[in-house]
Amino acid sequence: MSLAYVILGFLQKEDMTGYDLKTSCFDQYIAHLWPADQAQIYKTLDKLFEQGWINCHVEIQRDRPNRKVYSLTELGNAELISWLQCPQPLPIVREPLLVQLFFAAQLPNGAIASLLEKQLAAHYEKISDCEAIKQPSVDNELATREQLIHRLLLELIVRREQTYIDWLKSAIEILGDKVDN
């Protein structure tokens, strides 16, 4: 998947500036799934414009810089709909921590455990961030279909993080029981 489809999805909902995409969409709704910085967003907007998938018009403002407002074209909407219907391959997972552990036998257990404990704290923080996102529960009859899908996504992320936390705790315990050798 690419950042382009995330942007197309947001622009399908409403016209926005690059700044709006970053602060009102990525930071608030999807950073836990697909983080992006401002430079990546603007670079992708330029590419989408070149492909004819989005339009851009400039809004003149007084006492502030002019705003570039982006909107989805029919071609961009067709591309998004086509992408939404395509199955996605399993992602290629690159876990720097796991590569570190692969070579970490040369370190004392305490150093490895310290590394794992820092990761443990980061995973707890991610769960906390996800739990702070307000979505109705899956059994809420007033929830929209879109809200239910978003809730299901959050639950998957929390479960994945919890699995990682359980593994980290186990690894820390196992290494704590072993003598350095």
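The values are calculated or read from the model by the stated rules, or taken from the named source; none is laboratory data. From a predicted model like this one, the values you see are computed outputs, not experimental measurements. Cβ placement follows ideal geometry from the backbone for every residue including glycine, while neighbour counts extend to all protein chains displayed. Quick note on the areas: whole protein, heavy atoms, side chains included, nothing else; ligands and nucleic acids left out. Shrake-Rupley method; radii C 1.70, N 1.55, O 1.52, S 1.80 Å.
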Residue-level accessible surface for Leu107, protein heavy atoms, 1.4 Å, Å²: 80
Cβ-defined net charge surrounding Ile54, 14 Å radius [Lys, Arg +1; Asp, Glu -1]: -3
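When ligands, DNA and RNA are left out and all protein chains stay put, how many square angstrom of accessible area per residue does the chain have with a 1.4 Å probe?
For the chain, the solvent-accessible area averages 70 Å² per residue.
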Hydrodynamic radius (Kirkwood) for the chain, which is based on Cα pairs only, to one decimal in Å: 19.6
Gaussian network model of the chain, Cα within-10 Å springs - most flexible of Leu84, Leu45, Leu11: Leu84
Solvent-accessible area of His150 with every protein chain in place, 1.4 Å probe, in Å² to the nearest 10: 70
The stretch 147-161 - phi-based ³J(HN,Hα) in whole Hz, Karplus 6.51/-1.76/1.60, Gly and Pro as x: 5, 5, 4, 4, 5, 4, 4, 4, 4, 4, 4, 5, 4, 5, 5
Residue pairs, from the table Lys13/Lys43; Lys68/Lys118; Lys134/Lys169; Lys43/Lys169; Lys13/Lys118, whose Cα atoms sit over 32 Å apart: Lys68/Lys118; Lys43/Lys169; Lys13/Lys118
Rounded to the nearest 20 debye, dipole of the stretch 1-93 from Cβ charges on Lys, Arg, Asp, Glu: 140
The chain - percent of accessible surface contributed by carbon and sulfur, probe 1.4 Å: 56
Dipole magnitude (debye, nearest 20) for the chain, charges at Cβ of Lys, Arg, Asp, Glu: 300
Most fluctuating residue given options Cys25, Cys86, Cys130, as computed from a GNM of the chain linking Cα atoms under 10 Å: Cys86
Residue-span extension gain [Arg159 to Ser128] - 0.36 nm each, minus C-alpha spacing: 9.9 nm
On Cα atoms only, tilt of 74-84 relative to the major axis of the chain in degrees: 30
Cα lying deepest toward the dipole's positive end in the stretch 1-113, options Trp83, Gln106, Leu33, charges on Cβ: Gln106
For the chain, calculated [θ]222 nm from helices alone, where every DSSP H run of n ≥ 4 adds -39500 (n - 2.57): -18000 deg cm²/dmol
Against the rule of thumb 2.2 N^0.38 Å, how large the Cα Rg of the stretch 57-118 comes out: 2.30
